[in-house]
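Here the structure is laid out as structure tokens; the discussion comes afterwards.
The values are calculated or read from the model by the stated rules, or taken from the named source; none is laboratory data. Everything numeric here is computed off the predicted structure, so don't read it as measured data. Cβ placement follows ideal geometry from the backbone for every residue including glycine, while neighbour counts extend to all protein chains displayed.
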Amino acid sequence: MREHVRIAWGITGSGDKIIETVEFMERLTREHKLEVHVYLSKEGKVVLQFYKLLNAVNERFSKVSLEKGPNAPFLSGKIQLGIYDFVLIAPATANTVAKIAYGIADSLLTNSAAQAVKANVPVYIYPVDQKEGEIVTKLPDGRDLKLRMRKADVENVERLRRMEGIYVLESVEAIEDVVKEFMTRRAAERMRLRS
């Protein structure tokens, strides 16, 4: 039995919350001794480069893979084999959310989410467009950028909330609650096996 919680972390092309998410995942991995394998969408790589975070991600996580197609690398196969405790997509763009909400599985992360649900592996998604109205996010140079969340994008997040096997996270910090839950499960399994 594996000692550590193993996570397949998918990064989409969202600039909003990317800095906070990368920093938070670095801290969680260090503090909880997680095994985090990072899967970058094509646009996720572009955004990490834009925010000058790509090198940090490559240096601080044990495995980083770049999307070549919906099944390359073969993440869905690893999910179905039970290699990962759960799939995390954070931050998730409105495009990724819409595709998952409507069953479109034409990219590495949307296909992996669909296959994870079929294999009873939980999928946790942190969508950046959760509430209508304006938000302020940071550009790579530190300047503020105002963005307006569209009604259609918020409705897609609500559709995600109703999907079986998909869990919508309200904040980056909510990821820690998920990690702790899985760590507790893993500890209980170890105790059960010892008795």
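Just a few scattered comments:
Conditions (1) under 28 Å from G82 (Cβ atoms); (2) surrounded by fewer than 11 Cβ atoms within 10 Å (Cβ to Cβ); (3) touching a Lys or Arg at 6+ places or on another chain (Cβ under 9 Å); (4) modelled with pLDDT of 95 or more, marked per residue:
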{"position": "L160", "(1), (2), (3), (4)": "yes, no, no, yes"}
{"position": "M163", "(1), (2), (3), (4)": "yes, no, no, yes"}
{"position": "E181", "(1), (2), (3), (4)": "yes, no, no, no"}
{"position": "A188", "(1), (2), (3), (4)": "yes, yes, no, no"}
{"position": "M191", "(1), (2), (3), (4)": "yes, yes, no, no"}
{"position": "R194", "(1), (2), (3), (4)": "yes, yes, no, no"}
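- Residue that is in contact with an Asp or Glu (Cβ under 7 Å, 6 or more places away or on another chain), exposed (fewer than 12 other Cβ atoms within 10 Å of the Cβ) and more than 24 Å from Y51 (Cβ to Cβ), where the choices are K146, K151: K151
- Note on region 134-161: residues that are more than 21 Å from I11 (Cα to Cα) and either in contact (Cβ under 8 Å) with a residue 60 or more places away in the chain or touching a helix residue (DSSP H, G or I) at 6+ places or on another chain (Cβ under 9 Å) (or both) amount to 3.
- On the stretch given as region 127-154, residues that are out of contact with any strand residue (DSSP E or B) (no Cβ under 9 Å at 6 or more places or on another chain), charged (D, E, K, R) and over 27 Å from I166 (Cα atoms) total 2.
- So A105, is it aliphatic (A, V, I, L, M), in a helix (DSSP H, G or I) and within 15 Å of I166 (Cα to Cα): no
- Search result, residues across region 34-51 that are farther than 18 Å from S107 by Cα and either free of Cβ contacts under 8 Å to residues at least 24 places away in the same chain or touching an Asp or Glu at 6+ places or on another chain (Cβ under 8 Å) (or both): Q49
- Residue ID - surrounded by the most Cβ atoms within 10 Å (Cβ to Cβ), chosen from residues in region 108-143 that are in a loop (DSSP other than H, G, I, E, B) and among the polar types (S, T, N, Q): Q130
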